[in-house]
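Each value in this text was obtained by applying a stated rule to the coordinates, not by laboratory testing. Computed from a predicted model, the values in this text were never measured in an experiment. Note that we place each Cβ from the backbone using ideal geometry, even for glycine, and neighbour counts take in every protein chain shown.
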Amino acid sequence: MIFDNISIHGKIIFSVICAGLWIFFRTDKCYEMLPNHSLFPVIFVMGGVYLNYYDPIFLPLCLVLLFCYTLFINN
């Protein structure tokens with residue numbers, strides 16, 4: 001799918017590192033990204049989890065998109 005020249009193991013390692021960095025450097029603003037009772041973030045996260053099973057590289061992409069979504073909503 002995405003970055004086909006990288007092995008699946010490489011994609012998984014990259015995704016795990018990105019998720020770890022996201023968790024390690026999260027702030028209170030990270031929790032504001034996913035407001036309660038908001039349909040868009042729920043659907044987005046569900047879609048990201050679904051796509052992650054097809055190709056692990058979707059996890060970092062979804063984290064970046066969530067960050068951009070937060071910047072857009074906060075401005």
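So the values come out like this:
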{"item": "Relative packing of peptides 52-60, 3-11 - highest average C-beta neighbours within 10 Å first", "result": "52-60, 3-11"}
{"item": "Cubic angstrom per residue, convex hull over Cα atoms of the chain", "result": "89 Å³"}
{"item": "Backbone N under 13 Å from the residue 3 label point (7 Å along Cα→Cβ), restricted to the stretch 39-75", "result": "55-64"}
{"item": "Calculated [θ] (222 nm, deg cm²/dmol) that DSSP helices of n ≥ 4 give over the chain, each run adding -39,500 (n - 2.57)", "result": "-23500 deg cm²/dmol"}
